[in-house]
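**Q** This is the structure I want to talk about, given as structure tokens.
The values are calculated or read from the model by the stated rules, or taken from the named source; none is laboratory data. Quantities reported herein were computed from a predicted structural model and do not represent experimental measurements. Don't worry about glycine lacking a Cβ; one is built from the backbone with ideal geometry, like all the others, and counts go over all protein chains shown.
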Amino acid sequence: WIANTNAELLGHAYQASAFPTPGLDFEGLIMGDYLPDTIAPTFSNADKTRILYGDPVITSISEVQSGVDWDSLIVFIDKEDVTSEIDKAEIDFTIPSSLLSIGTHSIEFSISDNAGNTASAKFDVKVK
């Protein structure tokens, strides 16, 4: 199994020792080989056309092994790079509603994790 923690133990395989004979000590966990992070971040709210009424676009990012590399985030609205205007938080980013005029807009973004795995998404929003 893999520890689900941000500690230095993350990414290593572990094996629990057998339960001891009564009266003897439990040996605990034994660290095994390092298991590299090969899974790209995943998104929520980035897979379908949405209709907005003056609301910002919020997309959550999930990456449990190596963590999200927020410096790698690139966001385009209608093929224009708006990355510098995006609000980033610990688990999501927000496209402010001020960047979205009335009409249909194409949003594209990509982001990597700290292991270099990259994910991207493209979807449309309709602002009314």
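**Q** When you check residue 125 against the structure, is it in contact (Cβ under 8 Å) with a residue 60 or more places away in the chain, of a type in the set (A, V, I, L, M) and crowded, with 18+ Cβ neighbours inside 10 Å, yes or no? Working first, answer last.
**A** Values: in contact (Cβ under 8 Å) with a residue 60 or more places away in the chain: yes; of a type in the set (A, V, I, L, M): yes; crowded, with 18+ Cβ neighbours inside 10 Å: yes.
The answer is yes for residue 125.
**Q** In addition: Given 38, 42, 83, which one is at pLDDT 80 or above, farther than 17 Å from residue 121 by Cα and not aliphatic (A, V, I, L, M)? Steps first, answer last, please.
**A** Values: 42 fails: farther than 17 Å from residue 121 by Cα; 83 fails: farther than 17 Å from residue 121 by Cα.
Within the list 38, 42, 83, the selection yields 38.
Residue by residue, here is whether (1) among the basic types (Lys, Arg); (2) surrounded by fewer than 15 Cβ atoms within 10 Å (Cβ to Cβ); (3) in contact with a strand residue (DSSP E or B) (Cβ under 7 Å, 6 or more places away or on another chain); (4) in contact (Cβ under 8 Å) with a residue 60 or more places away in the chain holds:
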| residue | (1), (2), (3), (4) |
| --- | --- |
| 61 | no, no, yes, no |
| 66 | no, no, yes, no |
| 80 | no, yes, no, no |
| 86 | no, no, yes, no |
| 93 | no, no, yes, no |
| 102 | no, yes, yes, no |
| 110 | no, no, yes, no |
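**Q** OK, next. Which of the residues belonging to region 68-78 are surrounded by 12 or more Cβ atoms within 10 Å (Cβ to Cβ) and out of contact with any helix residue (DSSP H, G or I) (no Cβ under 9 Å at 6 or more places or on another chain)? Explain how you work it out, then say what you get.
**A** Going through region 68-78, the residues surrounded by 12 or more Cβ atoms within 10 Å (Cβ to Cβ) turn out to be 68-70, 72-78.
Passing the criteria: 68, 69, 70, 72, 78.
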